[in-house]
Amino acid sequence: MDALQALQIACDAAYAYQTLEAKFSKVPGYLQPMEGFCLYWLGKNWPVHGANLEVGSFKGRSTSWFAAGCKAGNRGKVHAVDHFAGSPEHQIGKEFQDEDIVRLGSTLPAFKENLTRNELLNEVEIRVGKSMDAVRGWDKPIRMIFIDGDHSYEESKKDFDAWSEFVVPSGLVLFHDINVWPGVTKFFQELTAPNDVWRQVGQILSIAIVQRMQ
Ligand SMILES: C[S@@+](CC[C@H](N)C(=O)[O-])C[C@H]1O[C@@H](n2cnc3c(N)ncnc32)[C@H](O)[C@@H]1O
């Protein structure tokens, strides 16, 4: 690739970032814009076939980035798995008490509203329920998973162990909050100890990316 082709790609990316950041930052959530762009870019460009899956959608910030990327790359819908009852930290009196959880016990209405406003609701298959229940009925090969559900060691491990068996060779699993939340970080460190199946291939802010090697 020469410098002018690289410039064109960089400018297209910068334009997409600027446009989408202005829209998606209005969705309440915990993802940094550059982390969202990582979901967008890989959702659009990762050259592997299969389904797209997110565990932990909350009010739709990460879902919006991921779904916009999959739409731009003709990669199919994003399956958004969440019971929408909030994580332990969103409950009443906890560190990140959430107003929708307090008022309604659910972030699903806000999720739908935000995806509708961003014209992405048709790009998402909403799967309301616990991650471990949703995986029981699942049978599709997966190209890319974003894990951002319960951040404890035990639940992150369960999410990964259950869903990753569907990831095709060269497919990706992305974790949020690595080096931020201790539980998921500990699991990630174990996962990326030298092994033949999963290899860390990137990190954008707190999103760490592993690829299935075989
Ligand atoms: C940190 S929030 C996700 C933030 C979101 N990705 C964003 O961009 O703002 C975690 C979400 O995981 C969901 N969650 C937690 N434990 C879950 C479980 N066992 N099964 C399904 N969803 C779960 C919660 O309801 C919450 O919406």
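The table below gives the values:
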{"item": "Net lengthening on full extension, Gln214/Leu7 (0.36 nm per residue, minus Cα-Cα)", "result": "71.1 nm"}
{"item": "Sorted peptide list for 33-44, 17-28, 124-135, criterion being average Cβ within 10 angstrom, highest first", "result": "33-44, 124-135, 17-28"}
{"item": "Percent RCO, i.e. relative contact order, over region 3-212, from Cα pairs under 8 Å lying at least 6 residues apart", "result": "19 percent"}
{"item": "Cα-derived Rg over Rh, computed across the chain with Rh taken as Kirkwood radius", "result": "0.95"}
{"item": "Relative exposure of Arg61, Arg199, Arg103, judged by other C-beta atoms within 10 Å (fewest first)", "result": "Arg103, Arg199, Arg61"}
{"item": "MRE, 222 nm, helices only [DSSP H, n ≥ 4, -39500 (n - 2.57), over the chain, to nearest 500]", "result": "-12500 deg cm²/dmol"}
{"item": "Peptide ranges 45-52, 6-13, 142-149, 107-114 listed from the most packed, as the mean C-beta count within 10 angstrom indicates", "result": "142-149, 107-114, 45-52, 6-13"}
{"item": "Asn45 versus Gln203: modelled label distance in nm, points set 7 Å from Cα along the beta carbon direction", "result": "2.1 nm"}
{"item": "Extended-chain gain in nm, criterion 0.36 nm per residue less alpha-carbon gap, Lys186 and Glu125", "result": "18.9 nm"}
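Throughout, read-outs are computed from the coordinates displayed, never taken from laboratory work. Note that the structure is predicted; figures quoted are calculated from it, not measured. Cβ atoms come from the backbone with ideal geometry, glycine included; neighbour counts cover every protein chain shown.
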